[in-house]
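This report concerns only the one structure given below.
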Amino acid sequence: MKHLLQTSDLTINDISQILSDAQYFIDGGNWSPKKNVFIANLFFENSTRTKCSFEVAQRKLGLDIIPFEVGTSSVSKGETLYDTVKTLEAIGIDAVVIRHNQDRYFDELVGKSDVSIINAGDGCGHHPTQSLLDLLTIKQEFGSFKGLKVAIIGDIRHSRVARSNADTLVRLGAEVVFSGPVEWFNDELLENGSYEDIDSTVETADVVMLLRIQHERHGEKGTKAADDYHQAFGLTIERERRMKSGSIIMHPAPVNRNVEIDDSLVECKRSRIFKQMTNGVYIRMAVLKRTIEQMEGSGQNEDINKK
Ligand code: CP
């Protein structure tokens, strides 16, 4: 795996191996590259979880992190993303983790640079490592995906998390349903799942996955009053009470408390929101491992436990 740009880059077998490697790291397993690997994290959009967990993952694997902040880089002088990546390649960087507000920013890079690219989120496009950490969280809970019902609720249209998760979950055999404001739907995503009213879906879903309202992608139009949204489409205390036994709550975060989910439910017994964040470190270790193995030319199917 030279790059990880979108979940469709991964076969079911790839996903299964990444989840297995992540669990190996959670269980205390070790792995490190054969030689120094230089990596830079290029975040053109704000982030707490993805940026920090990639950095923790990189440190745990012993990678050499080259500090890069967009605001103090030559991007502020007008240097393009393409020239930035070509520059990092020229000075010896092996891999870059990139978050950018432009959908498919990576199309202008792939094939034009030898640097491995790991997508940490592109606009409304894709968020592959978020999907993988969500899958790990679901697998830890239920053991497998077949027959599970996953309700993805909220700002579907602007959500790279919804797109990535709908792709992986359906391929793994789960049923995906979408809920939320109809004007925030996405016809393309409905190919992977149907619409269901929130009041019925919370009663039947195994996983209630709430999405953040992405105000930054709405412009002036389309913002909703927080309380109106919460009552109409949020996980209220009353809706949580109707969730089926054993079902869990997920949210990629950051959470708008009392909007997508009642404040008191963010850390309730059903919530796996902070577990998702913890899993993000180990998933990113597993993704980095596969990328580096490809650089080293070692077999990606090699059993990690034999190392
Ligand atoms: N879930 C997620 O991508 O969070 P950040 O924007 O904080 O990285």
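Taking a Cβ cut-off of under 13 Å around Lys244, the surrounding Lys, Arg, Asp and Glu residues balance to a net charge of +2, with basic ones at +1 and acidic ones at -1. Here r is the Cβ-Cβ distance between Glu238 and Asn101 and R0 is 41 Å; the resulting FRET efficiency, rounded to 0.05, is 0.70.
The percentage of C-alpha pairs in the stretch 128-276 whose separation is greater than 18 Å is 51%. Given their separation in residues at 0.36 nm each and the Cα-Cα distance between them, Lys2 and Asp197 gain 66.1 nm when the chain is fully extended. Secondary-structure-derived ellipticity at 222 nm for the chain, considering helices only, amounts to -11000 deg cm²/dmol, per-run term -39500 (n - 2.57) for DSSP H runs with n ≥ 4.
About its Cα centre, the dipole of the stretch 130-249 is roughly 360 debye, where the only charges are +1 on Lys and Arg Cβ and -1 on Asp and Glu Cβ. Each part gets one Cα centre, and for the stretch 172-189 versus the stretch 83-136 those centres are 26 Å apart. With both bridge residues required to lie in the chain, what share of the DSSP beta bridges run antiparallel, to the nearest 5%? Among the beta bridges of the chain, antiparallel pairing accounts for roughly 5 percent.
Normalised by 2.2 N^0.38 Å, where N is the number of residues, the C-alpha radius of gyration of the stretch 254-297 stands at 1.74.
Values in this text are rule-based calculations from the coordinates and carry no lab data. On a predicted model such as this, the values are computed, not experimentally measured, just so you know. Because the Cβ atoms are built from the backbone with ideal geometry, glycine has one as well, and the counts that use them run over all protein chains shown.
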